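Enquirer: This structure is in C-alpha cells; I'll ask about it shortly.
Computed from the coordinates by the stated procedures, all read-outs in this text should not be read as laboratory data. The structure presented is a predicted model; accordingly, all values stated were derived computationally and were not measured. Glycine also receives a Cβ, built like all others from the backbone with ideal geometry; neighbour counts cover every protein chain displayed.
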Amino acid sequence: EQQVQQSPASLVLQEAENAELQCSFSIFTNQVQWFYQRPGGRLVSLLYNPSGTKQSGRLTSTTVIKERRSSLHISSSQITDSGTYLCAMDLTNSAGNKLTFGIGTRVLVRP
Amino acid sequence: GPKVLQIPSHQIIDMGQMVTLNCDPVSNHLYFYWYKQILGQQMEFLVNFYNGKVMEKSKLFKDQFSVERPDGSYFTLKIQPTALEDSAVYFCASSLPGRYAEQFFGPGTRLTVL
C-alpha cells in the first residue's frame, strides 16, 4: 500500500490554466515537502510546508495535518511547468529523518 | 537557496567495478542522506548519516554499499562491487539537525552499470 498517494496521476493543461495537485498520507507527520522533477531527472525543491499555507511565486501549498493531506496549486501555468511533481514526507518516528515520496503527478502544459 | 552539489553528474561503469558518488552538502548541515530512483520509478530512501554514523538504512542499502564523510569533506556513497540493478539516479540531501528539518537535494548522479 502506498503510504503517500498523489492525485491525479497525470494532468494536461492549456497554458495559463490553473491546476491543483493533491497528496494524502497514511499517518500523521510534521514534514511535508513538494518537489518538481524535470524530464531529465533533475530535482528542484519547491516548498517546505509542514502546516498551513505557503506561497512561492505562482505556487501555493496548503497542508492540513489533521486531515493528512497537502495540496499544491499552480496558477497561470506555463509550458516550462511541464514535468513531474512529487510530494514527500517524513512518516517515521525515528531520530533520523527519512522522506517517503509519492509516485508523482505528471503535468503537461500545452501552448 | 542553499545548494547541494553532486559529482559526477553521470557515471558509466562495468558490472563488478567499484564506484564512488560524491556529495558536497550545504556547509552548516549535519544530517546527510542518499536516495535512489530507478528510471521511471519512485524515489526511495537509502540511508541517513549523522555524526560519523549511519542512523538508519533501508532494505535497498545492500552490504555492497557504504557511506562516509571523512574529515568534513565530501559525503560519499561507495558501491563495491556494482551490479546491474544498481543503475539508477542517486540523490544526495542534507539538512540541519532536528526532527522534521527541511532536506535540501542535489541534482543527482546518473549511474549506469553495464
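Enquirer: Which parts of segment B:75-99 would a label at residue B:9 reach, counting a residue when its backbone N lies under 15 Å from a point 7 Å out along Cα-to-Cβ?
Expert: Under 15 Å, as judged by backbone N against the label point of residue B:9, lie B:90 of segment B:75-99.
Enquirer: Can you tally the net charge around residue A:83? Count Lys and Arg as +1, Asp and Glu as -1, for every other residue whose Cβ sits under 12 Å from the Cβ of residue A:83.
Expert: Summing Lys/Arg as +1 and Asp/Glu as -1 gives +2.
Enquirer: Evaluate the Debye formula for the protein assembly as shown with equal point scatterers sitting on the alpha carbons, no solvent, and hand back log10 of I(q)/I(0) at q = 0.10, 0.11 Å⁻¹, in q order, two decimals.
Expert: Here log10 of I(q) over I(0) equals -0.45, -0.54.
Enquirer: Would you tally the net charge around residue A:30, using a Cβ to Cβ cut-off of less than 15 Å, leaving residue A:30 out, and scoring K and R as +1, D and E as -1? Intermediate values should be presented prior to the final figure.
Expert: Working: positive: A:54, A:66, A:68, A:69, A:98, B:99; negative: A:67, A:90, B:102.
That sum, taken over residues with Cβ under 15 Å, equals +3.
Enquirer: Filter the chymotrypsin sites (Phe, Trp or Tyr not before Pro) in segment B:37-114 down to the DSSP loop ones having no more than 16 other Cβ atoms within 10 Å, then list what survives.
Expert: For chymotrypsin sites (Phe, Trp or Tyr not before Pro) across segment B:37-114 that sit outside H, G, I, E and B with at most 16 neighbouring Cβ atoms in 10 Å, the list reads B:100.
Enquirer: Here's something else I'd like to know. Fewest to most neighbouring Cβ within 10 Å: what's the order for A:44, B:113? Write out the running numbers ahead of the final one.
Expert: Details: A:44 12, B:113 20.
Neighbour counts put them in this order, fewest first: A:44, B:113.
Enquirer: Go through B:8, B:104, B:46 and say which Cα lies farthest out towards the positive end of the charge dipole of chain B; charges sit on Cβ, +1 for Lys and Arg, -1 for Asp and Glu.
Expert: Highest projection toward the positive end goes to B:104.
Enquirer: When the Cα atoms of chain A are enclosed in a convex hull and the volume is divided per residue, what value in Å³ results? Present the calculation step by step, with values, prior to reporting the outcome.
Expert: Numbers: hull volume 10.7 nm³, N = 111.
Value for chain A: 96 Å³ per residue.
Enquirer: Can you give the Rg/Rh ratio of chain B, where Rg is from the C-alpha atoms and Rh is the Kirkwood radius?
Expert: Value, to two decimals: 0.94.
Enquirer: Counting only Cα, what are the radius of gyration and maximum Cα-Cα distance Dmax of segment B:44-96, in Å?
Expert: 11.3, 34
Enquirer: What relative contact order, as a whole-number percentage, does chain A give when Cα pairs under 8 Å and 6 or more residues apart are counted?
Expert: 36
Enquirer: Note down the net charge around residue B:32, summing +1 for each Lys or Arg and -1 for each Asp or Glu among other residues with Cβ under 15 Å from its Cβ.
Expert: Around residue B:32, the charge tally is +2.
Enquirer: Quick one, what does Rg over Rh come out to for segment A:1-40 if you take C-alpha atoms and the Kirkwood Rh?
Expert: Result for segment A:1-40 is an Rg/Rh of 1.02.
Enquirer: Another question, if that's okay. Using Cα pairs under 8 angstrom and six or more residues apart, how large is the relative contact order of chain B, in percent? Show your work: numbers first, answer last.
Expert: Details: 276 pairs, mean separation 43.5, N = 114.
The value is 38 percent.
Enquirer: Moving to a separate point now. Ranking B:63, B:24 by Cβ neighbours within 10 Å, fewest first, what do you get?
Expert: With the sparsest Cβ surroundings first, the list reads B:63, B:24.
Enquirer: Right, something else. Normalising by the residue count of segment A:43-107, find the relative contact order in percent from Cα pairs under 8 Å and 6+ residues apart.
Expert: In percent, rounded to a whole number, it is 20.
Enquirer: Sticking with this one: Test of understanding: ordering A:63, A:80, A:29 by Cβ neighbours within 10 Å, fewest first, what list do you get? Working shown, then result.
Expert: Numbers: A:63 26, A:80 8, A:29 23.
Result, fewest neighbours first: A:80, A:29, A:63.
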